[in-house]
1. When the Karplus curve 6.51 cos²θ - 1.76 cosθ + 1.60 is applied with θ = phi - 60°, which whole-Hz ³J(HN,Hα) does each residue of the range 374-380 get, with x for Gly and Pro?
2. Regarding the range 348-398, what are the three Cα extents along the principal axes, ordered largest first, in Å?
3. If I take every Cα pair under 8 Å that is 6 or more residues apart in the range 292-441, average their sequence separation and divide by the length, what percent do I get for the relative contact order?
4. Kirkwood hydrodynamic radius for the range 121-279: how many Å is it when counted over pairs of different Cα atoms?
5. Under the √(5λ) rule applied to the eigenvalues of the Cα gyration tensor, what semi-axes describe the equivalent ellipsoid of the range 335-439? Give them in Å, descending.
6. Just subtract the alpha-carbon distance of R238 and E368 from 0.36 nm times their residue separation and send over the number in nm, one decimal.
7. Using per-residue counts of other Cβ atoms within 10 Å, averaged over each peptide, order 206-217, 268-279, 412-423 from highest down.
8. Could you check the simple spin-label distance between R60 and H193, using points 7 Å along Cα→Cβ, in nm with one decimal?
Amino acid sequence: LAPMLQCCCRHDARGEEQAEVQDAELPYKTWSRAQCSEQSEPMLEGIVTQPATPEMMAHRVLGWRSRAVVERPDCQSIVSDLTDKQIKQLQEEREQLFQNVREHLKSDGRLDAVMTPESVSSLTNPDGDWSELVREMLKNVETVNALGGPRFRVVWWATLLKERRLPRYPSDWPLILDAETLLKTWLEEMDNHGKIDGRLPSMIFLSHRWERPNLDVSLAHPDTECNQKALALAEYGREGTCPIFKFKFDSYFWVDYSGVDQYDVYQKVLGICKLPVFVSSCDGLAIFNSATADYEPRAWTRVERMLAYTFTASPVFVYLDEGYPWKPLDVNAIIAQDPSSFKRDESGALQIVIRSPLGPNSQLTCAEDLKLIQELAAIALSVQPLNWRRFSADDQKIDFDDTAILLDTMHYTLDDEEFQRQQSAMSALWSAAFALGNNRAEVADPTAVATRNSADHKQKEGHRFGCMSMPFFLQLHRRLQAHAARDQAKA
């Protein structure tokens, strides 16, 4: 339905359909489709194609955000073998980078970023001014990039909606944004309240387990064959709902597949070293509790939750899974599946328990990652927390198998209700369109009723309905919108 509503159709004097289609896979194409006879198949005529670079294709999706696309990588080939000299250099650079990360996270200035309930309440007003918070976000990202190593890179939700997949860095670099440039551009484009198109910027760290891990980097992939994670993130971003604030957010996701170099092992190690500051640059964390790849026992996801509970601004984690937003959330089923990791609090809200990433039941694919995980966990346990829920707790210490984090499931319920409402409206609209389309076909062909049960005629009738449905459906859509506007004006 969405592609149909996005097309601009019109009829010329000869009665031919004209459609201008904007599609990243079919750049700058304009075609006319001749009216179909009962003896011929639909045909596309007069296709005119201009070559489109990846930058042009990205611009068509990103709009003004295309000014924040990351720079073209110098190397886009797989580099897995390092010389002895490179290994020694990597060890030295890694140690220095980790030292920079520790000093940054332990600095007194970081406490200024704590989001308290008082500061949150002042921003819940629809007329609240978020512009200063956007500047603070930019200042934080600038500091993180200045530490050295890979820059902070994010993916916009609408890119995921358009591409229907997670982009990989560096091969998909035109679809990935530099967060620092993005926030600078946001400051140029925003209104007096820090918003663009009524939305506020939000940086979200995705914590997930890879669906198709493989030691061969060319075969490893974090998502399922049908890209469930990408679609869930796209829907979450499109809805933009928040249980605390009544306005919408423009979501940008940090995903390891898109934010860390997947080809160059040297850059990948440095990217993992900066994981704590990437988390601290995000205002929230989203967990994807997959039904096909066990999320909670993974050592990496456990340390990510520790870091988020220490450094992110949001007091709750966003909960996503394969059912979002297509079906209602079943909290009891989630707890029954893994009662040692999920539970309810006193109010009945869903929580996830923090468990040790170094415990006997934690899972790790690469034994070489153990040292990195130990160092990251040590940072989360030792520094002053910035997350206001942990910051304001009577006991700020993390007790494994006891400390639990509240999960945001309200957005899940709200977005599912909105999805079901849209589905009902869409079904009614399609039923009206199909009924009126059949009536028009019967007027044009008096024998339609008598021969409708013929399989051969069904095929031909389908062709005719397909040719006329585009302008007809759009006309019906506009007519219904006009009726709704008149009814609203009368009310």
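The values are calculated or read from the model by the stated rules, or taken from the named source; none is laboratory data. This structure is a prediction, so every number in the text was calculated from the model and none was measured. Cβ coordinates were reconstructed from backbone atoms using ideal geometry, including for glycine residues, and neighbour counts include every protein chain displayed. Side chains included, ligands, DNA and RNA excluded: accessible areas come from the protein's heavy atoms. Shrake-Rupley method; radii C 1.70, N 1.55, O 1.52, S 1.80 Å.
1. 4, 5, 5, 5, 5, 4, 5
2. 36, 29, 14
3. Working: 163 pairs, mean separation 55.7, N = 150.
For the range 292-441, the relative contact order is 37 percent.
4. Numbers: mean 1/r = 0.0604 Å⁻¹.
Over the range 121-279, the inverse of the mean reciprocal pair distance is 16.6 Å.
5. Values: eigenvalues 401, 73, 39 Å².
So the equivalent ellipsoid measures 45, 19, 14 Å along its semi-axes.
6. Details: separation 130, 0.36 × 130 = 46.80 nm, distance 3.81 nm.
That works out to 43.0 nm of additional length.
7. 268-279, 206-217, 412-423
8. So the label points at R60 and H193 sit 3.4 nm apart.
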